[in-house]
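Here the structure comes first, spelled out in structure tokens, and everything after it is commentary.
The values are calculated or read from the model by the stated rules, or taken from the named source; none is laboratory data. No experiment lies behind these values; they were computed from the predicted model shown. Note that each Cβ is placed from the backbone with ideal geometry, even for glycine, and that neighbours are counted across all protein chains shown. We work out accessible area using only protein heavy atoms, side chains counted, and drop any ligands, DNA or RNA first. Shrake-Rupley method; radii C 1.70, N 1.55, O 1.52, S 1.80 Å.
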Amino acid sequence: MFKALILDQDAEGLASASLQEIGEDQLPEGEVTVAVEYSTVNYKDGLCLSPKGGGLVRAYPHVGGVDFAGSVEASDDPRYKPGDKVVLTGWRVGEVHWGGYAQKARVKADWLVPLPEGITPRQAMAVGTAGFTAMLAVIALEDHGLSPEKGEVLVTGAAGGVGSVATAILAHLGYEVAAVTGRPEQADYLKSLGAGRIVAREELNETVKRPLEKETWAGCVDAVGGDMLARILGQMKYGGSVAAVGLAGGAGLPTTVIPFLLRGVNLLGIDSVMQPFENRQRAWARIATDLPMDKLEAMVTPATLADLPKLGADILKGQVKGRIVVDVNV
Ligand code: NDP
């Protein structure tokens, strides 16, 4: 028997979570059984933990947890053997497939990535989908020609998970980082991660009629979307790129094609969920070299399975700072 945070529906169809002891025979099918050590809380986890499952959970009872890291306990796949350290992000695990909010998980071998040298399971969950996505965004910007001498790079939703990791990686790579936050009290935190200056959310939240403003940003990692993304597109330097990662501020995009036509601006879509294995390995290898682990540790708030219902609600309200690491064995 092992511990799991089980989400189940009441008679009205609203889900709530309870800690339960369950058996291995209740785990879903899959080639690899993992002894989970750590999981985390992403925005999507907040949705899955909410009473209606955020429209993501398909069936109850359900175990959430989009990400987990741990060691292989049993494997029917030749790529993995007991004891191997592995990490899993995405593939709709924690949404349609049972995830990491339990002491054991059973998944497809194709979904796992061997942990790169130098990264522990705890550090991997401090990174999680949010940090992995931040790395994918930085790689996409670089692949489209971004380099430190091109100018300042903007990070939106900076005190959140994606934003914190993007700030730390970009600063470590020598970029000048401008961090957008709606929480001025997090200015010192963002500067400690390497942000050169703080931009108040209100400055970029207003819509403007002009499709182009002063050329300001060489690149942008955007976790916010909506009006803010539309505004940023008009402030990009000639040929600059925005990696669109999230929708914390809205899914709409009230823009014109002018920044694309007159300034050659690129809008790069970033998806972390269905990335092929080779891209995942590339991103995790870059995380091992380009994300300073002391900065990562400064982002971490530790938690347990019992804390998850509250933390899920907090992240949906934009109240979580940095990254949460859930020790499932406490
Ligand atoms: P967090 O909640 O940790 O961070 C989001 C941050 O956005 C908040 O901390 C806040 O930062 C800012 N924010 C919140 N609400 C608003 C608002 N109304 N207007 C402007 N800014 C706001 O979430 P994550 O970092 O985990 O995820 C960020 C986004 O990226 C989410 O939309 C998520 O769904 C998406 N995502 C997408 C992935 C992909 O594969 N494309 C993978 C992972 C996440 P501050 O307080 O500093 O302003």
Notebook entry, point to check: FRET efficiency for E278 and D327, Cβ-Cβ distance as r, R0 = 25 Å, nearest 0.05?
Noted result: 0.20
Notebook entry, point to check: Nearest 0.05, what FRET efficiency do E215 and D143 give at R0 = 25 Å with Cβ-Cβ as r?
Noted result: 0.70
Next item on the list: Determine the order of R323, R263, R197, R92 by accessible area, beginning with the largest, at a probe radius of 1.4 Å.
Entry: R197, R92, R263, R323
Item checked: Residues with amide H under 5 Å from that of E37, placed H, sequence gap 5 or more -> A69, G70, S71
Margin query: If I compute solvent accessible area with a 1.4 Å probe over the protein chains, what percent of it on region 12-121 is carbon and sulfur?
Written below: 50
Next item on the list: With a point put 7 Å past each Cα toward its Cβ, work out how far L262 is from E24 in nm, to one decimal.
Entry: 6.5
Notebook entry, point to check: So what are the ³J(HN,Hα) numbers for region 129-139, from phi and the Karplus equation (6.51, -1.76, 1.60; θ = phi - 60°), rounded to whole Hz, Gly and Pro as x?
Noted result: 4, 4, x, 4, 5, 4, 5, 4, 5, 5, 4
Item checked: Relative contact order, percent, region 181-298 [alpha-carbon distance under 8 Å, six or more residues apart] -> 21
Note to self: If you wrap a convex hull around the alpha carbons of region 26-164, what volume per residue comes out, as a whole number of Å³?
What the structure shows: 129
Next item on the list: Compute the semi-axes of the equivalent ellipsoid of the chain, taking the square root of 5 times each eigenvalue of the Cα gyration tensor, and list them largest first in whole Å.
Entry: 35, 21, 17
Notebook entry, point to check: In sequence order, what are the phi-derived ³J(HN,Hα) couplings for region 106-112 according to the Karplus relation 6.51 cos²θ - 1.76 cosθ + 1.60 with θ = phi - 60°, rounded to whole Hz, with x for glycine and proline?
Noted result: 10, 9, 6, 4, 4, 7, 8
Note to self: Let's see if you can work this out: charge +1 on each Lys and Arg Cβ, -1 on each Asp and Glu Cβ, no other charges. What is the dipole magnitude of the chain about its Cα centre, in debye to the nearest 20?
What the structure shows: 780
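So for region 213-313, what percent of the C-alpha to C-alpha distances run longer than 20 Å?
So the pairs more than 20 Å apart make up 57 percent of the total in region 213-313.
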Check: At a probe radius of 1.4 Å, what is the per-residue accessible area of D290, in Å² to the nearest 10?
Finding: 20
Notebook entry, point to check: Residue by residue through region 38-46, which ³J(HN,Hα) values in whole Hz follow from phi under the Karplus form 6.51 cos²θ - 1.76 cosθ + 1.60 (θ = phi - 60°), with glycine and proline marked x?
Noted result: 9, 9, 7, 10, 9, 3, 5, 5, x
